[in-house]
Every structure is written in structure tokens, then in C-alpha cells.
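Trainee: Below you'll find the structure I mean.
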Amino acid sequence: MLRRFLWMNAASCLGFGLLFLCASQASAQFIGDPPVIVVTALGGLLLVNAGLLALTARYWPAKQPLIAFFALGDATWVILTLVLLLAGLWIKGTVATLAAIAVACGVGALGFGQYYHGLRQVQHNG
């Protein structure tokens, strides 16, 4: 099951990474008013993360530190989204706010799945 979560996370990072990298200006305008360079850099980081997730999923078994890295990365995404929303920074408008919340929920679910099937299972079975 962990492998499925890793592949889903890789696909998500790949999709958003390509979107943010190839359509940085349009993505920034949809989101609200983040600097385009931040969106572009985030796209590049997401592509790197997608590659690391895919390698981890492909060359099984995954190591606990890697799973923790991915789960914590997902948790960080969720927390930073909430911070931006609560501070009224960068994410503007109802549609962008709802999209940010939906993405954060998806990322959070992937992170929890990685934790539950990767770290928690090992802790309880070890």
C-alpha cells in the first residue's frame, strides 16, 4: 500500500511541478499575487521531489528516513498553505482559496498515507 501512496504523490508532484514550471505566470495569476519566481522555483522543487518519490517507489523497499522526509514535506505543504491563507498572503479570491484548500487536503492525505503505511506500520510491527 505504501508504494501506491508514493506513486500517487509522485504523480501529484509531477503534475503540479510541470504546471508551475511551464505556466508560472498563469499559475501565479490564478493563485493571486505570489512572485512568479517563487512559483517557478516551486515547480522545479516539485519535479525533483517527484523524481525522488518515483525512485523510492520503484526501488523497493523504502527506507524509513525517506518516508519520513516525504511525509514531513507533505505536512509542511499543508501548514504553509494554512499560514498563507490565514495571513492573507499570495492566495487571493474564492476559487484560488478553495483550490488551495483542496490541494492541501490531497497532499495531507498522501502524507498521512505514507506515514500510516510506511512509518506507523513499522513502529507497531517492529
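Values quoted throughout were computed directly from the atomic coordinates according to the rules given, and no laboratory measurement underlies them. The structure displayed is predicted, hence computed values, not measured ones. Here the Cβ is made from the backbone with ideal geometry for all residues, glycine too, and neighbour counts use every protein chain on show.
Trainee: Near the amide H of residue 32, under 5 Å away, which other amide H atoms are found, from residues 5 or more places off or on another chain, if H is placed in the peptide plane?
Mentor: For residue 32, the qualifying residues are 92.
Trainee: Along the positive direction of the dipole of the chain (beta-carbon charges: Lys, Arg +1; Asp, Glu -1; about the Cα centre), which of 89, 65, 15 reaches farthest?
Mentor: 65
Trainee: Continuing with this model, one more query. For the chain, list the DSSP H helices whose alpha carbon atoms reach 24 Å or more along the long axis and whose average Kyte-Doolittle value is 0.5 or above?
Mentor: Working: long enough: 2-22 (30 Å, 1.27); 36-58 (33 Å, 1.93); 64-87 (34 Å, 1.90); 94-114 (30 Å, 1.63).
Span-like helices here: 2-22, 36-58, 64-87, 94-114.
Trainee: Helix-only mean residue ellipticity at 222 nm, the chain, DSSP H runs n ≥ 4 weighted -39,500 (n - 2.57), per residue, nearest 500. What is it? Don't skip to the answer; put the middle values down first.
Mentor: On the way: 6 runs with 102 residues, N = 126.
Computed mean residue ellipticity for the chain: -27000 deg cm²/dmol.
Trainee: Using 0.36 nm per residue, how much length does the chain from residue 7 to residue 30 gain when fully extended, once their Cα-Cα distance is taken away?
Mentor: Full extension from residue 7 to residue 30 adds 5.6 nm.
Trainee: Further, regarding this structure: Putting +1 on Lys and Arg Cβ atoms and -1 on Asp and Glu Cβ atoms, find which of 51, 118, 77 reaches farthest to the positive end of the dipole of the stretch 2-125.
Mentor: Toward the positive end, the furthest listed residue is 118.
Trainee: Given R₀ = 41 Å, FRET efficiency for residue 103-residue 60 by Cβ-Cβ distance, to 0.05? Intermediate values should be presented prior to the final figure.
Mentor: Details: r = 27 Å, r/R0 = 0.67.
Efficiency, from the Cβ-Cβ distance: 0.90.
Trainee: Taking semi-axes √(5λ) of the Cα gyration tensor in Å as the quantity of interest, determine which of [x] 26, 16, 13; [y] 31, 16, 11; [z] 28, 16, 10 was computed from the displayed structure.
Mentor: It is the one labelled [z].
Trainee: Give, rounded to the nearest 20 debye, the magnitude of the charge dipole that the chain has about its Cα centre when Lys and Arg contribute +1 at Cβ and Asp and Glu contribute -1 at Cβ.
Mentor: The dipole of the chain has a size of about 380 debye.
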